[in-house]
1. When you check Glu128 against the structure, is it touching a helix residue (DSSP H, G or I) at 6+ places or on another chain (Cβ under 9 Å), on the phi < 0 side of the Ramachandran plot, in contact (Cβ under 8 Å) with a residue 40 or more places away in the chain and surrounded by fewer than 17 Cβ atoms within 10 Å (Cβ to Cβ), yes or no?
2. Going residue by residue through the range 90-108, is there one that turns out to be under 17 Å from Arg17 (Cβ atoms), part of a loop (DSSP other than H, G, I, E, B) and touching a helix residue (DSSP H, G or I) at 6+ places or on another chain (Cβ under 7 Å)?
3. Closer than 24 Å to Lys146 by Cβ and hydroxyl-bearing (Ser, Thr, Tyr): does that describe Ser75?
4. Quick check: anything in the range 96-107 under 12 Å from Phe7 (Cα atoms), under 16 Å from the mean Cα position of the chain (by Cα) and hydroxyl-bearing (Ser, Thr, Tyr)?
5. Can you name the residue in the range 35-44 that is more than 16 Å from the ligand (Cβ to nearest atom) and over 18 Å from Val118 (Cβ atoms) and is also surrounded by the fewest Cβ atoms within 10 Å (Cβ to Cβ) among such residues?
6. Please pick out the residue among Phe85, Phe77, Phe7 that is surrounded by 12 or more Cβ atoms within 10 Å (Cβ to Cβ), of a type in the set (A, V, I, L, M, F, W, C) and without any contact (Cβ under 8 Å) to a residue 60 or more places away in the chain.
7. Exactly one of (1) free of Cβ contacts under 8 Å to residues at least 24 places away in the same chain; (2) within 16 Å of the ligand (Cβ to nearest atom) is unmet by Ala142. Its number?
8. Kindly indicate whether any position in the range 79-86 is within 16 Å of the ligand (Cβ to nearest atom), modelled with pLDDT of 95 or more and in contact with a strand residue (DSSP E or B) (Cβ under 7 Å, 6 or more places away or on another chain).
Amino acid sequence: MAHISIFVGTVNGGAERLSDDIAATIKQAGHSAAVITEASLDDIKNASNILIVTSTTGQGDVPSNLAGLYYALNSSFPMLTDKPFGVVAMGDRSYGDTFCGAGRSFDELLRDLQAKPVGNRLEIDACEDFEPWPVTEPWLKAWLEKLPG
Ligand SMILES: Cc1cc2nc3c(=O)[nH]c(=O)nc-3n(C[C@H](O)[C@H](O)[C@H](O)COP(=O)(O)O)c2cc1C
C-alpha cells in the first residue's frame, strides 16, 4: 500500500474537484491519499509519493495557493532524491505557449530536485476535454501501477 500526497493548485476549484476524484480512486485501489490545498515545504519533504494536480493562471503561472510551495522549493532547493512523483496539469490550449505552464514548471523543478518521475505528465486541455475525469482515470490507473513498491 502506498500513501500519496496530492498537492493542489487551483483558482476556480476545478483542480480541487479533480483531486477529490483522484483521492477516491486511489483509496478504492487500496492505497491512501491526502489532498493538500495549502502546502508547506515540510509536507512535500515528508511525502512518500507526490502527485501535483494544478491548473495554470495568469500567463503560465502557478495558482497562488500552490505558488508559495513552488517558490519555497525553488529558493531552498531541498533534494527530493528518488521520491516518486507525477503531474496532472490542467490548462487551456488557447493560451498558446503558456499551455499548462504551472504543471510544466513543477515537473521541471521536481526533476531538478532529483525526484523520480513516474510516467509522463498528463496535460488536460479545457478546450477539448470539457470533463477532466475521463482522461484522468486511465492515466491515474497506469500511474498507480508504475509506482515503485
Ligand atoms: C485568468 C486565467 C488565466 C489562465 N491562464 C492560463 C495559461 O496561461 N495557460 C493555460 O494552459 N491555461 C490557463 N488558464 C486556463 C485554466 O488553467 C483552466 O481553465 C483550468 O481548468 C482552471 O482550473 P481551476 O478551476 O482549478 O482554476 C487560465 C484561466 C484563467 C481564468
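1. Numbers: touching a helix residue (DSSP H, G or I) at 6+ places or on another chain (Cβ under 9 Å): yes; on the phi < 0 side of the Ramachandran plot: yes; in contact (Cβ under 8 Å) with a residue 40 or more places away in the chain: no; surrounded by fewer than 17 Cβ atoms within 10 Å (Cβ to Cβ): yes.
So Glu128 does not fit the description; no.
2. No, that holds for no residue.
3. Values: closer than 24 Å to Lys146 by Cβ: no; hydroxyl-bearing (Ser, Thr, Tyr): yes.
It is false that Ser75 is closer than 24 Å to Lys146 by Cβ and hydroxyl-bearing (Ser, Thr, Tyr).
4. The initial filter retains those residues of the range 96-107 that are under 12 Å from Phe7 (Cα atoms), namely 103, 106.
Narrowing the set further to residues that are under 16 Å from the mean Cα position of the chain (by Cα) leaves 103, 106.
Keeping just the survivors that are hydroxyl-bearing (Ser, Thr, Tyr) gives none.
So far as the range 96-107 goes, no, none of its residues is under 12 Å from Phe7 (Cα atoms), under 16 Å from the mean Cα position of the chain (by Cα) and hydroxyl-bearing (Ser, Thr, Tyr).
5. Here is the first cut: in the range 35-44, the residues more than 16 Å from the ligand (Cβ to nearest atom) are 40-44.
Now restrict to residues that are over 18 Å from Val118 (Cβ atoms): 40-43.
Numbers: Ser40: 12, Leu41: 14, Asp42: 10, Asp43: 15.
Step by step, filter the range 35-44, then rank; the result is Asp42.
6. Values: Phe77 fails: surrounded by 12 or more Cβ atoms within 10 Å (Cβ to Cβ); Phe7 fails: without any contact (Cβ under 8 Å) to a residue 60 or more places away in the chain.
Going through Phe85, Phe77, Phe7 in turn, the sole match is Phe85.
7. (2)
8. Here is the first cut: in the range 79-86, the residues within 16 Å of the ligand (Cβ to nearest atom) are none.
No, there is no match, as no residue in the range 79-86 is within 16 Å of the ligand (Cβ to nearest atom), modelled with pLDDT of 95 or more and in contact with a strand residue (DSSP E or B) (Cβ under 7 Å, 6 or more places away or on another chain).
The values are calculated or read from the model by the stated rules, or taken from the named source; none is laboratory data. Everything numeric in this text was worked out from a predicted model, so none of it was measured. Note: ideal-geometry Cβ built from the backbone for every residue, glycine included; neighbour counts use all protein chains shown.
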